[in-house]
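Student: Okay, handing you the structure first.
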Amino acid sequence: MDKRGFLRSVGSLTIGALLGERTWARWAALPPAKLAQDETFWTEVRGKYRLTTDYINLENGYYSMAAEPVLEALIGHVRAVNFQASRYMRTRQLADKLAARDRLAAFAGVPADELIITRNTTESLDTVIGGQSWRPGDEAVMARQDYGAMLDMFALQARRHGIVNRFVSLPHDPRDDDEIVKLYADAITDKTRLLMVCHLVNITGQILPVRKIADMAHARGVAVMVDGAHAFAHLDFKIQDLGCDYYGASLHKWLGCPLGAGILWIRKDKIAGTWPLFGDGRADDDILRLNHTGTHPAHTDLAIADALTFHESLGSQRKEARLRHLQRSWTDRVRGKPRIRLFTPTDPQRSCAIATVGIDGMKPADLANALFDRYRVWTVPIDYAEVRGVRITPHVYTTPAELDALVRALGALSA
C-alpha cells in the first residue's frame, strides 16, 4: 500500500459521501441540539451499521461496532498488508502508524510527540501506574468507582513497592462541582504523588469536573492521570483543556475503531520520568520508548484514520447531542418511579449516553437476565462500589423504539 492509496482509502468515508451531498447539506445546517431529534437523519446514519435483529443492543460501552464503511476499510487494509507482507512491515508500517498517530493527536488537541497508540485504556494507564518511581509510603488517590483493571494495578504497586492507596467514593447525584473536588482534595496528603480520576465514570455515566480537580491537585503538587475510556469521541473536548498530566482512552468504544487500539497521552515534561514496561533504545524524552509492542497487527492502526474520518464527518458536537438526547429520552421517563433507582446524575450536563438503572429488591444479574430473556434487551449488570443495576449505553444507531422497549420492560419488571 503506498501513501496515496492509504489516503484515498480514508477519504471516501464522509457523511456527505455516504448520505448524498445535497441531502447532507440540509441536515448540516441544523444546530446539534435540533439535529439530535431528527429521526430521519439518524435513521440514515443507522443504515451505515450492520445490526442484529435478534436483540436490542444497549451495551455499546464495552465495545461499539465499527460502521460498515470503516469495517470495509479495515478489511481492505488487512488484504493490502497481507499482500505485501514483510516488505510492508519493514518499509511502510512505522510511517503509516505515525500518520494515524498524527491524526489522533490533531483530533485530541495535543502535540503528536506526546501521544502513542496502545491497545486499550488498561494498557495505557497501567503503563503510567507501573512506570512511576514509587517509594515505600508514597500515596495515590482514586475512587472506588474507578475501573477495576487500574485499581488492580495500583494494588500491585502497593504489594510491590509499599505504596498506600487512598479512596474516595463518588456521590451519584452531586450538588455541584465543589462537592466532587472537595472529596479528592480531602484525600490528598503531603505523601500523595498521583491522583487518578475518571473523565466519565464507566459504571454510572457521571462526567467529573476534571479541570477543577486537576487544578486543585496541581496546586498541591500532585500529578493527575485521567481515565478517558468512555469520554474520548463521546464528549466534545480537547485533552489540553483538561489540565491533566496523563490521559488514556480506548478507540473501540465511542470512536468505533476496530478492536485493538487505544491512546496514551503524556505531558512532555512527564515522559522521561515514566519507565517503559519493555526495554527500548530510544531517548528518555521520546514517548515512543513507551510503545515497544513488537510485531503488531498494522491494519488495526490503519483503520484508526478511517474511524476518525467517519466520526469527524458526523461531528463531535452532533454526536454528543444525539447521545445525550437518547439517554434523557428514557431516563426522564423512569426516574422517580416506584422501585426504580437511577445511579446517574439528574443534571443533564453531568452525563451523556451512559446511565445505570436498578430495581429495588432485584439483583443486577437477575435484572440483566430478565431484560434479555424476556424482552431481548442486551445490557451488562453492575454490582460494586455502591452501584447495583444494569448499565444502559445506546449509540448513534439506537432508535427511540428500542428505548421505548426498555422503558416498557423496566415498568413491567418493577410493577
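The values are calculated or read from the model by the stated rules, or taken from the named source; none is laboratory data. Note that the coordinates shown come from a computational prediction; the quantities given were computed from them, not determined experimentally. Positions of Cβ are generated from backbone atoms using ideal geometry, with glycine treated the same way; all protein chains shown enter the neighbour counts.
Student: Condition check: outside any helix (DSSP H, G or I), under 20 Å from the mean Cα position of the chain (by Cα), touching a residue at least 60 places away in the same chain (Cβ under 8 Å) and crowded, with 17+ Cβ neighbours inside 10 Å. Does residue 142 satisfy that?
Tutor: no
Student: Report, by residue number, each residue of region 89-123 that is surrounded by fewer than 19 Cβ atoms within 10 Å (Cβ to Cβ) and in a strand (DSSP E or B).
Tutor: Of everything in region 89-123, nothing turns out to be surrounded by fewer than 19 Cβ atoms within 10 Å (Cβ to Cβ) and in a strand (DSSP E or B).
Student: If you scan region 150-166, which residues turn out to be in contact (Cβ under 8 Å) with a residue 24 or more places away in the chain, buried (at least 16 other Cβ atoms within 10 Å of the Cβ) and either on the phi > 0 side of the Ramachandran plot or in a helix (DSSP H, G or I) (or both)?
Tutor: Listed by number, the residues that qualify are 150, 153, 154, 157.
Student: A further question follows. Can we say residue 371 is closer than 19 Å to residue 63 by Cα and assigned to a helix (DSSP H, G or I)?
Tutor: no
Student: Does residue 208 satisfy the criteria of being within 21 Å of residue 127 (Cα to Cα), of a type in the set (A, V, I, L, M, F, W, C) and buried (at least 24 other Cβ atoms within 10 Å of the Cβ)?
Tutor: no
Student: A further question on this structure: Just to check your reading of the model, which residue among 78, 70, 110 is farther than 25 Å from residue 265 by Cβ and touching a residue at least 60 places away in the same chain (Cβ under 8 Å)?
Tutor: Of 78, 70, 110, the one residue that is farther than 25 Å from residue 265 by Cβ and touching a residue at least 60 places away in the same chain (Cβ under 8 Å) is 78.
Student: Can residue 248 be described as at pLDDT 95 or above, in a loop (DSSP other than H, G, I, E, B) and among the small types (Gly, Ala, Ser)?
Tutor: Answer is no for this residue.
Student: Would you mention how many residues in region 124-138 are crowded, with 18+ Cβ neighbours inside 10 Å, among the polar types (S, T, N, Q) and closer than 11 Å to residue 275 by Cβ?
Tutor: Residues meeting the conditions: 2.
Student: Taking residue 147, is it buried (at least 22 other Cβ atoms within 10 Å of the Cβ) and of a type in the set (Phe, Trp, Tyr)?
Tutor: In short, no.
Student: Which of the residues that make up region 243-287 are hydrophobic (A, V, I, L, M, F, W, C), over 30 Å from residue 395 (Cβ atoms) and touching a residue at least 24 places away in the same chain (Cβ under 8 Å)?
Tutor: 271, 275, 277, 287
Student: Please state which of the following conditions residue 340 fails to meet, knowing it meets all the rest: (1) more than 27 Å from residue 43 (Cα to Cα); (2) touching a Pro at 6+ places or on another chain (Cβ under 6 Å); (3) touching a residue at least 60 places away in the same chain (Cβ under 8 Å).
Tutor: Going through (1) more than 27 Å from residue 43 (Cα to Cα); (2) touching a Pro at 6+ places or on another chain (Cβ under 6 Å); (3) touching a residue at least 60 places away in the same chain (Cβ under 8 Å) one by one, residue 340 breaks only (2).
Student: Still on this model: Given the residues 201, 222, 197, which is the only one that is closer than 13 Å to residue 61 by Cβ and touching a residue at least 40 places away in the same chain (Cβ under 8 Å)?
Tutor: When all the criteria are applied, what remains is 201.
Student: Right, another one. For residues in region 279-323 being among the acidic types (Asp, Glu) and surrounded by fewer than 22 Cβ atoms within 10 Å (Cβ to Cβ), which is farthest from residue 108 (Cα to Cα)?
Tutor: 280
Student: All but one of (1) out of contact with any helix residue (DSSP H, G or I) (no Cβ under 9 Å at 6 or more places or on another chain); (2) within 21 Å of residue 311 (Cβ to Cβ); (3) at pLDDT 95 or above; (4) not in a loop (DSSP other than H, G, I, E, B) hold for residue 83; state the number of the condition that does not hold.
Tutor: Among (1) out of contact with any helix residue (DSSP H, G or I) (no Cβ under 9 Å at 6 or more places or on another chain); (2) within 21 Å of residue 311 (Cβ to Cβ); (3) at pLDDT 95 or above; (4) not in a loop (DSSP other than H, G, I, E, B), residue 83 violates only (2).
Student: Looking at this structure, is residue 191 of a type in the set (Lys, Arg), touching a Gly at 6+ places or on another chain (Cβ under 8 Å), without any contact (Cβ under 8 Å) to a residue 60 or more places away in the chain and farther than 22 Å from residue 239 by Cβ?
Tutor: Yes, satisfied.
Student: Could you please let me know if residue 170 is in contact (Cβ under 8 Å) with a residue 24 or more places away in the chain and either among the polar types (S, T, N, Q) or in a loop (DSSP other than H, G, I, E, B) (or both)?
Tutor: yes
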